[in-house]
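Worksheet: the structure to be examined is printed underneath.
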Amino acid sequence: MAREISQAIVDGILIGGVYALMAAGLTLIFGVLDIINIAQGVLVILGAYLSYSLSTKAHIDLFVGLLITIPVMFIIGVVIHWAFIRRLRGTERTAMTLLVTYAVALIIEGILYKLYGANDVSLTASYTGTSVHVFGFYLPWIYVYGFILAVVLVVAIYALLYRTRFGRSVRATMQDETAARLVGIDVNRVAALTFGIGVAVTAAGGMVFGATNAFNPNSGYDLISRLLAIIILGGLGSIGGALAASVFMLVVESVVTIWSPNWAIAVFYAALVVVLLVKPTGFLGRKEVRAQ
Amino acid sequence: MRASLPWFSRNVIALSAVALSVGVLAACSSSGSSSSSSSTSPSASASASSSANTTPISIGASLSLTGDFSADGLAYQKGYTLWAKDVNAAGGIMGRQVKLTILNDASSPNQVVTNYQTLINTDHVDLTFGPFSSLLTTPASAVAARSGYAFIEGAGGAPTVFQTPQNEADHNVFDVSLPVADEIMPFVNYIASLPASQRPKTAAYPMAQDPFADPPVQLAQQKLQALGVKTVYSNIFPAEPSSYTPQADNVAGKAPDVVVLGSTDVPTVAAFMKAFETNHYTPKWFVAAAGPDQGAAFITAVGAGNADGMMVPNGWYPGYNNAQSQKMVNEYVAQYGGTTSDVNADVAEAYSVGQVAEQAIVATGGTDNAKIIAYLHSGVTLNTVQGPVKFDSLGENGASAAFMFQWQDKGTKFTQVLPTGAQGSVTIIQKSPWATS
């Protein structure tokens, strides 16, 4: 039994890295823009399909392909913001973004169906079916690489937010949009770039998701509720919190799976409720994030 | 100012509620009002030898054109459309053209109910054909029963479909395909036929929570246990967990000789195969309830090398030795392209639904649903691309034969392997090592 629990914890940590990659963009976008991006799940799948096209058509390695898919997804993010998000104003803006981003999700899903069809595909490379044997456990290389990528991206986004002039603009906008405007920050530009960065990060999440799961254009809807739970538990707007929450939630789910796979999902959401009762702002709530 | 804690707390609570419910919302919304209607236009003139009634026969169906079952739903759409095209090209049924109306249920059990209500009460279709999956057939057939419609379907083979109060009272469901509960029995019988020394010692039974996937796996478990095959893992998991890896790792850790996976789709099978591969564990026999029957779609997702030795139960495959079947396969390839291996069993199931309806309409002289229900329960044997169809009192096809199919020749050939003595069966092989082993 001890071995099974250990295996479940290892699985939870590694799968948590994949979910952190998928959730990072979502929490960044909410933290800065107060936008609940319901399209995040479909954007993950879009990122996976971009990697799929590069891999199958141009035979570009999945990780090397990120050098292309991340900028492409950044542009897509900026375009989505320009076309759909920037027009939303007023007190109902946050609620309206739910509807607008859901519409974006439907549009992207429809395009993916048209381009790729309904059949499932998956991303393959030399490392997607191999593993490393450590302390009696087989660790799939793709999960190991995915976890490392998650940590690297979290650090990179922190560096962007706290070590650059653009990051100061972003944080100023997070703290008080009106004051940021008054000191000369182009808030619209910051918002567009932040949305673009949030979507760009999702390219990495999509690639690792597609390398660990077969997917089709509809697969994104299964992800979004979990991603929202993760960013709430981690603290809205906190990239590091998203990583911590992903690992926590997936470890809990994996361990419960040993006894009852059917209860694992219920426990996943029960953990969210329990933690929020104790700490309503999540692991690293926005108040704490803004105070950093 | 928006950073005050009370605002934030309220929004965290609200967002928590959103997170907990958005999955449901997304599913409901995605299954919402978007519908497509495909019609086969009644262009050909009615046959001169038939009755004066040349009004098109309107047939309605709800299919999962988007959502979790979309791959199967789209294949079903092709099957229904291909049948209607063939019938209309031959002058229709009794001189009446067939007009198909297909609505999209987005794989939602709620939307499928709405769609059949629309088809029956608003569109007033003459006949209804079934949706994809037992999960959707059960609620859909209840709608048809309330209006006295026969419900001829090909993808609702789970016991739960036939054991509803409506069907036990109205007997309106007719499944042209193989009943799912017994579908893994050819494999059980094969194991029973082996000398004791060659039989597997252990088996694992991971199952997705689904009325289609669980019954055959549970029956196989019961029968294999009776043969002395020790169960080392038996668990039902949610159809869409965060990841299949923990369950698959659990199975791999126990290294059973046999894995019988209660899967509903390709991603579930692919996830278990990938986890087994990274654990350097290869079962001697690997049976999946669904997934490997998806032809090229399965190979694309898992790779041909890894598919070698994978088994799946079914009642039909593209190489099925039946003249009607071969004609349909050739027509499919001519119309949609690809190769014969691209034609999955969904197409044949859907086509068979049309064939059964066609024979019932001709035999009863029209589209009176009461007469059609009585006719289909009369014990008559009908012919389809899947072979003979004969319904029992609950509408299960008692004439269908269960086969086990296997990917062989490094995943390039999908072939019938069980029952061993059946016509067309080739020698079964043990699961080949994974491509990276």
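What follows is calculated from the coordinates using simple rules that are stated; it is not laboratory data. Owing to the predicted nature of the structure, the values given are computational and were not obtained by experimental measurement. Backbone-built Cβ (ideal geometry, glycine too); neighbour counts: all protein chains shown.
Among the trypsin sites (Lys or Arg not before Pro) in region B:183-239, those located in a DSSP loop and surrounded by at most 15 other Cβ atoms within 10 Å of their own Cβ are B:LYS201.
Can you give the net charge of the other residues whose Cβ lies under 11 Å from the Cβ of B:LYS85, counting K and R as +1 and D and E as -1?
Charge balance near B:LYS85 sits at -1.
Taking every C-alpha pair closer than 8 Å and separated by at least 6 residues, the mean separation divided by the residue count of chain B gives a relative contact order of 15 percent.
When the alpha-carbon atoms of chain B are used, the pair Rg, Dmax equals 22.9, 82 angstrom. Return the distance in nm (one decimal) between the two label points of a simple spin-label model at B:THR339 and A:SER6, each offset 7 Å from Cα along Cα→Cβ. Going from the B:THR339 label point to the A:SER6 one covers 4.6 nm.
Which net charge results when you count Lys and Arg as +1 and Asp and Glu as -1 among the other residues whose beta-carbon is under 14 Å from that of A:GLY220? Show your work: numbers first, answer last.
Values: positive: A:ARG226; negative: A:GLU109, A:ASP120, A:ASP222, B:ASP68, B:GLU240.
After counting each charged neighbour, the total is -4.
Find me the longest stretch of chain A that has none of the exposed trypsin sites (Lys or Arg not before Pro), where exposed means in a DSSP loop (not H, G, I, E or B) with at most 12 other Cβ atoms within 10 Å. After excluding every exposed loop site, the longest remaining stretch is A:90-292. Comparing A:ILE36, A:LEU243, A:ILE15 along the charge dipole axis of chain A, the residue lying farthest to the positive side is A:ILE36, per the Cβ-charge model.
Using a simple spin-label model with pseudo-atoms 7 Å out from Cα toward Cβ, A:ARG163 and B:ALA401 lie 7.0 nm apart. When you work out D = kT/(6 pi eta Rh) for the protein assembly as shown at 37 °C and 0.692 mPa s, using the Kirkwood radius from C-alpha pairs as Rh and the Stokes-Einstein form, the result is 122 µm²/s.
Is there a pair in A:LYS114/B:LYS78; B:LYS223/B:LYS284; B:LYS201/B:LYS431; B:LYS230/B:LYS284; B:LYS230/B:LYS413; B:LYS85/B:LYS390 whose C-alpha atoms are over 23 Å apart, and which pairs would that be? Walk me through the intermediate numbers first.
Values: A:LYS114/B:LYS78 16 Å; B:LYS223/B:LYS284 18 Å; B:LYS201/B:LYS431 16 Å; B:LYS230/B:LYS284 15 Å; B:LYS230/B:LYS413 32 Å; B:LYS85/B:LYS390 25 Å.
Correct reply: B:LYS230/B:LYS413; B:LYS85/B:LYS390.
Among A:VAL190, B:VAL173, B:VAL113, a tally of other beta-carbon atoms within 10 Å of each Cβ gives an order, fewest to most, of B:VAL113, A:VAL190, B:VAL173.
Largest GNM mean-square fluctuation among B:HIS171, B:HIS280, B:HIS377, using chain B with Cα springs under 10 Å: B:HIS280.
Anisotropy class assigned to region A:9-72 is oblate, per the alpha carbon gyration tensor with a/c at or over the 1.5 cut-off and a/b no larger than b/c.
Other residues within the sphere of radius under 11 Å centred on the Cβ of B:PHE276, judged by their own Cβ, net out at 0 (K and R +1, D and E -1). Among B:VAL217, B:VAL287, B:VAL258, the largest mean-square fluctuation in a Gaussian network model of chain B (Cα springs under 10 Å) belongs to B:VAL258. Here the relative contact order of chain A, from alpha carbon pairs under 8 Å that lie six or more residues apart, stands at 37 percent.
To the nearest whole number, what is the average tally of beta carbon atoms from other chains within 10 Å of the beta carbons of peptide A:207-214?
Numbers: counts 0, 0, 1, 0, 1, 8, 9, 15.
Mean partner-chain Cβ count within 10 Å for A:207-214: 4.
Give me the mean projected area, in nm² to one decimal, of the convex hull enclosing the Cα positions of region A:2-291. If you can, show how the numbers build up before the last one.
Working: hull surface 62.6 nm².
If you wrap the Cα atoms of region A:2-291 in a convex hull and average its projections, you get 15.7 nm².
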